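Each remark here refers to the structure printed beneath this line.
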């Protein structure tokens with residue numbers, strides 16, 4: 001009914017009202033997501049009561065759907081809960097931090113093998129690199145190089161579990177969830193933490 | 001395609017504006033803020049709802065309950081306000097305050113049905129869920145409300 005169209009035309013929820021809700025509800029959500037701006041693009045992080053569960057290059061809607069399906073549908077964008085994660089990532093991007101000191105929630109890791117691969121990767125120091133074969137070997141399955149590559153490709157904790165430090169034998173970059181430009185940026189940052197890489 | 005309930009954040013982003021408009025239309029701009037937060041907190045606390053629920057009907061049932069609670073608590077205050085304040089209080093953005101007054105003067109069932117139909121864009125089944133009636137009764141309430149508004153507006157034009 002055309003005369004009633006005006007009823008729909010009111011303004012939407014004011015930003016202050018939405019923010020007030022998020023401030024009250026943030027702690028009640030099972031998963032809090034927040035954007036973090038990296039020098040090479042945006043990443044999204046997800047925090048649960050156990051700790052950091054996700055550092056992701058996925059599209060926002062895909063990330064939310066995945067978190068809802070695999071962790072809990074009670075997902076809310078609540079940036080305040082990720083303040084410490086953001087602070088440490090910012091420091092890392094600025095070249096001022098070489099280690100993360102964060103509680104991690106490993107619940108998005110799919111298999112015990114993937115967990116071993118990621119833990120082997122987490123032990124690779126800042127500025128160093130290893131090969132996919134090295135990681136497969138550290139995970140106890142030296143022949144499972146391809147599977148190790150898949151496990152790293154599905155790393156739920158990019159950057160913090162530094163899968164960008166894993167390269168092909170011979171030094172080729174291999175793959176990266178955030179794209180090879182991001183991988184190059186991270187490796188260059190770690191190669192010279194005093195100068196911002198271009 | 002993913003099965004199961006959508007992420008709460010997606011549901012919130014998709015419906016927060018409709019909930020806001022509905023609350024402004026039913027409790028007025030001053031109480032809408034509180035009702036909005038109470039509605040979404042309640043929704044988050046029980047999220048996800050049972051699989052068979054119509055999600056919008058479920059959400060607006062919560063909003064309706066919060067609006068009614070607000071109305072009751074306001075009625076207990078010494079300086080009770082009879083009807084929701086004019087919606088035009090919201091930044092003066094509403095170009096049709098007189099039309100709103102007519103909507104506000106409808107009998108309650110018709111007013112609630114019309115507002116849910118045209119402010120929140122619910123279908124009759126969803127309005128029935130909100131008001132605890134059948135879809136058919138919801139349709140009738142909307143129809144009677146709209147007919148009354150048409151008559152009012154025709155007579156004011158002639």
(request) Report relative contact order for the stretch A:112-191 in percent, whole number only (criteria: Cα-Cα under 8 Å, sequence separation at least 6). (result) 33
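Across the residues of B:9-18, average count of Cβ atoms on other protein chains within 10 Å? It would help to have the intermediate numbers written out before the result.
Values: counts 16, 8, 3, 8, 3, 0, 1, 5, 5, 4.
The shielding value for this peptide is 5.
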(message) No solvent, one uniform scatterer per C-alpha: report log10 I(q)/I(0) for the stretch A:1-142 via the Debye equation at q = 0.17 1/Å, two decimals.
(response) -1.08
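Nearest 5 percent is fine: what portion of the DSSP beta bridges confined to the protein assembly as shown is antiparallel? Working shown, then result.
Values: 11 of 18 bridges.
The antiparallel fraction comes to roughly 60 percent.
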(request) For the stretch A:64-97 and the stretch A:153-196, compute the distance between their C-alpha centroids and round to whole Å. (result) 19
(request) With only alpha-carbon atoms counted, please give the Rg and Dmax of the stretch B:8-157, in Å. (result) 15.5, 49
(message) Could you check the spin-label model distance between residue B:140 and residue A:20? Points 7 Å from the Cα along Cα→Cβ, value in nm.
(response) 4.0
(request) For residue A:110 paired with residue B:150, estimate the spin-label separation in nm (one decimal), with each label point 7 Å from Cα along the Cα-to-Cβ line. (result) 5.8
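Rg over Rh of the protein assembly as shown, using C-alpha atoms and the Kirkwood radius, what does it come to? Could you put the intermediate results ahead of the total?
Values: Rg = 26.6 Å, Rh = 23.5 Å.
With Rh from the inverse mean 1/r over Cα pairs, Rg/Rh is 1.13.
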(request) As a check on your grasp of the helix formula, calculate [θ] at 222 nm for chain A: sum -39500 (n - 2.57) over DSSP H runs of n ≥ 4, divide by the residue count, round to the nearest 500. (result) -11000 deg cm²/dmol
(message) Just to be sure I understand the model, the point goes 7 Å from the Cα along the line to the Cβ. What's the resulting residue B:30 to residue B:101 distance in nm?
(response) 1.9
(request) Measure of size requested: the Rg and Dmax of the stretch A:112-191, with Cα atoms as the atom set and Å as the unit; please supply both. (result) 11.2, 31
(request) Just need the relative contact order of the stretch A:19-93 here, percent rounded to a whole number, with Cα pairs under 8 Å and 6+ apart. (result) 37
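Within a 10 angstrom radius of each residue's Cβ in A:70-76, how many Cβ atoms of other chains show up on average? Whole number is fine. Provide the component values of the computation, followed by the final result.
Working: counts 0, 1, 5, 10, 9, 8, 7.
Partner Cβ neighbours, averaged per residue: 6.
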(request) Treating the angle as unsigned and between 0 and 90°, give the value, to the nearest 10°, between the Cα long axis of helix A:180-191 and the longest Cα principal axis of chain A. (result) 60
(message) For the stretch A:19-93, give me the percentage of DSSP beta bridges that are antiparallel, rounded to the nearest 5 percent.
(response) 80
(request) Calculate how steeply helix A:112-122 sits against the longest principal axis of the alpha-carbon atoms of chain A, using the helix alpha-carbon long axis, and give the answer as 0 to 90 degrees to the nearest 10. (result) 80
(message) Give the average, rounded to an integer, of partner chain Cβ atoms located within 10 angstrom of each Cβ in A:59-67.
(response) 3
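Sequence gap at least 6, Cα distance under 8 Å: using those rules, report the relative contact order of the stretch B:106-158 to the nearest whole percent. Provide the component values of the computation, followed by the final result.
Working: 43 pairs, mean separation 19.0, N = 53.
Answer for the stretch B:106-158 is 36 percent.
Just so you know, all these numbers are worked out from the coordinates, no wet-lab data involved. Just so you know, these numbers come straight off a predicted model, no measurement behind them. Note that we place each Cβ from the backbone using ideal geometry, even for glycine, and neighbour counts take in every protein chain shown.
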